[in-house]
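Here's the structure we're looking at; comments come further down.
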Amino acid sequence: MTSGELVLSHYSMRHASFRDRVQAAASAGFSGIGLKIAEYERLSAQGISDAQLSDVLAEDDQRVVEYEAVRGWASTGAAHEEYLQSLDTIDRMVEAFGPPHHVQVIGPYEGDLDDAAEGFANVCRWLDDRGSRAAIEYLPEMSNIPDAVSAWDIVRAAAADNGGLCVDAWHHFRGTDDFDELASVPGERVIDVQLNDGLLTRQDPDYYTDCTSYRVVPGQGDFDLVGFIRTLDGMGVDVPISIEVISLELDQLPPVEAARRIADGARSVLAQARAISRTDKGSRTSDPDVSASSIMHRWCGQRRGRTIPSAVQECGLHLAPGRSWFIQ
């Protein structure tokens, strides 16, 4: 991902007021924010005008980069009615803030692949008329679009130039955790990337609860974010990076402090990933912590009580002289 633009996801500040959200994003150097469609509806119902919201954004030189999320786009009954209502709300948001970089789209869908493709194509056409794009987010265990392959199948069948994928690090590592699978998607069809970190083991057996409670700041968890970023960079992905850390712990912090920690972690991980240069034998890094972390999580797995120099050599990585690594 060659873009250095960071976006403060709506859910990273899920309990903050609009003003606090915007000020936190600006103070931490984010170029924009994400906004939940339902949150905009809530603010409007409170009597807060579009002009007031726009003034808050302008005061801190911020913009709304992403709207989330559209559901029911290939459905019937009440779900379809809610979908139509969300389109009406997006129209109002576009009028207030201008077209976003993308609108997030979430399953499940009803019917078969053809039904999903037709529904997604309709979303794409509608958003194209408003100068935006549609990004399907795949969600293991939470929808019938569980991975990058199934999302790409829908996008490819829909054949809409402004349609693509939302790739969330959490759902990648909690799902198939397959970089080759991710790399099978054309890079230009990755429209949104959401960066976060987490532990290898679930903190709650329920996927949704785990997902919305126990994410951690990038670089403070077990995910191989270096490999994740390098894979996306190798695909030629060039989009703003949304930092989505949904955390009960961060919920307790003042928004400005939470945003600072999130931004610092994301920038550190991005810098580490991009400091690695490839060689014919593999990858080298001047920072041994990067290569060791990657090896420990990707190669050693649950092997306990063993040193890892053989793993490092096998994968073409090199530790700095004098450093010894041991898996606790």
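Observations on the model:
- Selected residue [within 28 Å of residue 88 (Cβ to Cβ) and touching a helix residue (DSSP H, G or I) at 6+ places or on another chain (Cβ under 7 Å)] from 138, 208: 138
- Here the condition is being more than 20 Å from residue 260 (Cα to Cα) and touching a residue at least 24 places away in the same chain (Cβ under 8 Å); of 7, 70, it holds for 70 alone.
- In the range 134-147, the count of residues that are crowded, with 17+ Cβ neighbours inside 10 Å, assigned by TED's automatic domain parsing to the domain that holds residue 198, part of a helix (DSSP H, G or I) and not hydroxyl-bearing (Ser, Thr, Tyr) is zero.
- When the range 58-77 is filtered for residues that are over 19 Å from the mean Cα position of the chain (by Cα), surrounded by 15 or more Cβ atoms within 10 Å (Cβ to Cβ) and closer than 24 Å to residue 114 by Cα, the ones remaining, listed by number, are 72, 73, 74, 75.
- Among the candidates 192, 168, 178, residue that is of a type outside the set (S, T, N, Q), within 15 Å of residue 223 (Cα to Cα) and in contact (Cβ under 8 Å) with a residue 40 or more places away in the chain: 168
- Among the residues examined, residue 159 does not qualify as without any contact (Cβ under 8 Å) to a residue 60 or more places away in the chain, of a type in the set (Gly, Ala, Ser) and either buried (at least 22 other Cβ atoms within 10 Å of the Cβ) or in contact with a His (Cβ under 6 Å, 6 or more places away or on another chain) (or both).
- Checked against the criterion of being at pLDDT 95 or above, farther than 30 Å from residue 225 by Cα and of a type in the set (Lys, Arg), the candidates 19, 14, 71, 63 yield just one match: 19.
- When each of 108, 100 is tested for being farther than 19 Å from residue 188 by Cβ and part of a loop (DSSP other than H, G, I, E, B), the lone residue that passes is 108.
- So residue 89, is it under 19 Å from residue 44 (Cβ atoms) and either of a type in the set (A, V, I, L, M, F, W, C) or modelled with pLDDT of 95 or more (or both): yes
- Residues satisfying the stated conditions in the range 230-250, i.e. closer than 18 Å to residue 9 by Cα and of a type in the set (A, V, I, L, M, F, W, C): 239, 241, 243, 245, 246, 248, 250
- Matching option when the condition is of a type outside the set (Asp, Glu), farther than 22 Å from residue 245 by Cβ and out of contact with any His (no Cβ under 6 Å at 6 or more places or on another chain), among 51, 16, 69: 51
The values are calculated or read from the model by the stated rules, or taken from the named source; none is laboratory data. These numbers come from a predicted model, not from an experiment. As a convention, Cβ positions derive from the backbone with ideal geometry for all residues, glycine included, and neighbour counts pool all protein chains shown.
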